[in-house]
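Structure, as structure tokens:
Laboratory data are not the source of any read-out in this text; all were calculated from the coordinates shown. Worth saying up front: this structure is predicted, and the values here are computed from it rather than measured. For neighbour counting, all protein chains shown are included, and Cβ atoms are generated from backbone atoms with ideal geometry for every residue, glycine included.
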Amino acid sequence: MKKLCAAVNAADKRSHINREIYGNFSEHLGRCIYNGIYVGENSSIPNTAGVRNDIIEAFKEIRLPVLRWPGGCFADEYHWRDGIGDKEKRPKMVNTHWGGVTEDNSFGTHEFFNMCEEIGCEPYLSANVGSGTVEEMADWIEYITFDGVSPLADERRKNGREKPWKLKYLGIGNENWGCGGNMRPEYYADLYRRYQTYCRNFSGNELYKIASGPNVDDYHWTDTIMGIIGDWHAKAISLHYYTIPSGDFAHKGSAVDFTDEVYYQTISQARRIERLIDKHAAIMKKYSDNMKLAVDEWGCWFDVEEGTNPGFLYQQNTMRDAMVAAVSLNIFNSRSDVVSMANIAQAVNVLQAVILTEGEKLVKTPTYHIFDMYKTHQDSELVYSFTENFETNGMPAVSQSVSVGKEGMTLTFANASLDEGAHIDCSILGFKAQNAEARILTGEVHTFNDFADGDRIAPSAHAVDITDSGISFELPPCSVVSILLS
């Protein structure tokens, strides 16, 4: 076992960790919405207005701060009027992006916003630029947020919602370099300027507008749109990055059957987001001191589970996914001066889901438990931290982030090594701990939670000692430890 020294200076505050960094993403894809989040009012599964009660409670438990909807690629073929009014009269549509299935639009604007209110999270709309009009987008904002007298506000009232909802986060288009229209950055940037002009702030509502940003390392896209949009047109640009062991979408590999070598490739690919953020941020800095990155699609992307619809992107979720989540969230925390939001893809039954469902059964994945262990970072202040490290398969084994907030000091450590643990002595300046609570998530790297055996991977209490100079604890191989000091 390695013996490592760590240090924290609570007086050295670096940046604010927006709670929205712990966001999720829900697209009309596979069983994320239908037969996932939404089962309908007549379902035998306990629900509130058609949304599963157990999912609502699970989201509340991790303090879900923001939920992105309706896409993704689906957003740029979604027309919001199809999802309001009498459900029996709503037109059906073909989901051309994901499986070619027919959707009945029973989950629309009212269902989404009411669900967000029930959970207590901010709604984040991804609006249609690819196949929609300026008028359509402008009308949607007015329908949702206007408290006065107008045909759109009256239509909302007629459909059952007297008071407007609040809408803070608005994405104007999605992946417009690809499924959102295959646009050049110059063309999209001009479209963005036009569309955002007509997205008004009604009745005290204030929009945080997010432009469609780059695909992975397309630095030309970032440079071009930053030069055209300027920071008075947008608060942030998006960044999408998926962790694939090979780095090649054509060779993603199995979610559960992988070698140690592939595991380490996965962690190495996950760590790449650090360099991407830094490089895009450096470009943005040339044009603005205020613009942020919204990493509103991130997570592991593997082959679909055998026997499932390939267009539904259903995959299992192992301890490897938990390690990716922990490493990624530590990176987002450490770059919270630039990253204002992040949304894992996706919330339920798709890609690196935090929740899986099958009929009335619900499973919290290892990734879900990481979000639960890290939740006290939300709306805290990142402080200086350092940990001695060692290499595992040619990369640093340990990652960490530390913050101070209303509940105390939160320290999160992840050890990506499969065979080497560490004993950590952490000195702490500027914060005197009276109490320490620690939890650990660990297990054999291929282990996952399923509908038969439930929580084989789940957090448990972990020993931590308060010392004269700080704390000390063990960090086993393939483990994540969260510590709350008060």
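Calculate, in nm to one decimal, what GLU206 and ASP231 gain on full extension: separation in residues at 0.36 nm each, minus their alpha carbon distance. Walk me through the intermediate numbers first.
Numbers: separation 25, 0.36 × 25 = 9.00 nm, distance 1.58 nm.
The span from GLU206 to ASP231 would gain 7.4 nm if fully extended.
Under 19 Å between alpha carbons, and skipping anything fewer than 8 positions from LYS87 in its own chain: which lysines qualify?
Partners within reach: LYS158.
Rounded to whole Å, give me the distance from the Cα center of region 425-486 to that of region 159-174.
39
Taking a quarter of the surface of the convex hull around the Cα atoms of the chain, what do you get in nm²?
Dividing the Cα hull surface by four gives the mean projection, 21.9 nm².
Run the dipole for the chain about the Cα centre, Lys and Arg Cβ at +1, Asp and Glu Cβ at -1, nothing else charged, and hand back the magnitude in debye, nearest 20.
Numbers: 45 positive and 67 negative charges, 239 e Å.
Using Cβ point charges on Lys, Arg, Asp and Glu, the chain gives about 1140 debye.
Quick one: if you stick a label point 7 Å off each Cα along the C-beta vector at LYS158 and ARG194, how many nm between them?
3.0
Restricting to DSSP loop positions (anything but H, G, I, E, B) with no more than 12 other Cβ atoms inside 10 Å of their own Cβ, which trypsin sites (Lys or Arg not before Pro) remain in region 416-466?
Details: sites: LYS432, ARG439, ARG456; in loops: LYS432, ARG456.
Taking region 416-466 and a limit of 12 other Cβ atoms within 10 Å, the loop trypsin sites (Lys or Arg not before Pro) found are LYS432.
With both bridge residues required to lie in the chain, what share of the DSSP beta bridges run antiparallel, to the nearest 5%?
Details: 56 of 97 bridges.
Antiparallel bridges make up about 60 percent of those DSSP assigns within the chain.
Against the globular-protein guess of 2.2 N^0.38 Å, express the Cα radius of gyration of region 122-165 as a ratio, rounded to two decimals. Present the calculation step by step, with values, prior to reporting the outcome.
On the way: Rg = 11.1 Å, N = 44, 2.2 N^0.38 = 9.3 Å.
So region 122-165 has a normalised radius of gyration of 1.20.
Within straight cross-link reach of LYS285, meaning Cα distance under 17 Å, which lysines are found once same-chain residues fewer than 8 apart are removed?
LYS235
Scan region 294-323 for GluC sites (Glu not before Pro) in coil per DSSP, keeping those whose Cβ has at most 13 other Cβ atoms within 10 Å, and list them by number. Could the numbers behind the result be given before it?
Details: sites: GLU297, GLU305, GLU306; in loops: GLU305, GLU306.
Passing both the DSSP loop test and the Cβ count: GLU306.
With r as the distance between the Cβ atoms of ARG275 and ALA458 and R0 = 51 Å, compute the FRET efficiency 1/(1 + (r/R0)^6) and round to 0.05. Each step should come with its number before you reach the end.
On the way: r = 33 Å, r/R0 = 0.64.
Efficiency for this residue pair is about 0.95.
What net charge is computed for the residues neighbouring LEU485, neighbours being all others with C-beta under 10 Å from the C-beta of LEU485, Lys and Arg scored +1, Asp and Glu -1?
-1
Just grab the label-to-label distance for HIS16 and LYS286, each label 7 Å out from Cα along the Cβ direction, in nm (one decimal).
2.9
Taking 25 Å as R0, compute the FRET efficiency from the Cβ-Cβ separation of ARG184 and ASP217 and round it to 0.05.
0.90
To the nearest 10 degrees, how steeply does helix 185-197 sit against the main Cα axis of the chain, on a 0 to 90 scale?
Its long axis makes an angle of about 70 degrees.
Show which aspartates and glutamates lie in cross-link reach of LYS406 when reach means a straight Cα distance below 16 angstrom and same-chain residues fewer than eight apart are skipped.
ASP379, GLU381, GLU437
If the label point is 7 Å along Cα→Cβ of SER43, which residues in region 50-78 have backbone nitrogen under 17 Å from it?
50-60
Let me check against my output: what whole-number percent is the relative contact order of region 19-378, with C-alpha pairs under 8 Å and at least 6 apart?
The normalised contact order for region 19-378 reaches 20 percent.
For n ≥ 4 DSSP H runs only, could you compute -39500 (n - 2.57) per run for the chain, divide by its residues and tell me the 222 nm figure to the nearest 500?
Computed ellipticity for the chain at 222 nm equals -7500 deg cm²/dmol.
Just how large is the dipole of region 1-143 about the Cα centre, in debye to the nearest 20, putting +1 at every Lys and Arg Cβ and -1 at every Asp and Glu Cβ? Spell out each step's value before the answer.
Values: 15 positive and 22 negative charges, 197 e Å.
I would put it at about 940 debye.
Cβ under 14 Å from LEU29's Cβ, LEU29 left aside: what net charge do those residues give with Lys, Arg +1 and Asp, Glu -1? Please list the in-between numbers first.
Details: positive: ARG31, ARG68; negative: GLU27, ASP76, GLU77, GLU103, GLU175, GLU297.
Value of the local net charge: -4.
Given a cut-off of 27 Å, name the pairs among LYS292/LYS361; LYS252/LYS364; LYS13/LYS432; LYS292/LYS375; LYS60/LYS166 whose C-alpha atoms lie farther apart than that in the structure shown.
Checking Cα-Cα distances, LYS292/LYS361 exceed 27 Å.
Can you pull the one-decimal nm distance between simple spin-label points at TYR384 and ASN53, each 7 Å off the Cα toward Cβ?
5.1
Do any cysteines in the chain lack another Cys Cβ under 4.7 Å, and if so which?
Here CYS5, CYS32, CYS116, CYS121, CYS199, CYS300, CYS426, CYS478 come out as lacking a disulfide-compatible partner, given the Cβ-Cβ threshold of under 4.7 Å.
Once the Cβ-Cβ distance between GLU437 and SER268 is put in as r, and R0 is 30 Å, what FRET efficiency do you end up with, to the nearest 0.05?
For GLU437 and SER268, the calculated efficiency is 0.40.
Between beta-carbons, use under 14 Å as the cut-off and find the net charge around MET183, counting Lys and Arg +1, Asp and Glu -1.
Surrounding charge for MET183 is -2.
Starting from region 1-86, pick out the GluC sites (Glu not before Pro) whose DSSP state is loop and whose Cβ has at most 14 other Cβ atoms within 10 Å.
GLU41
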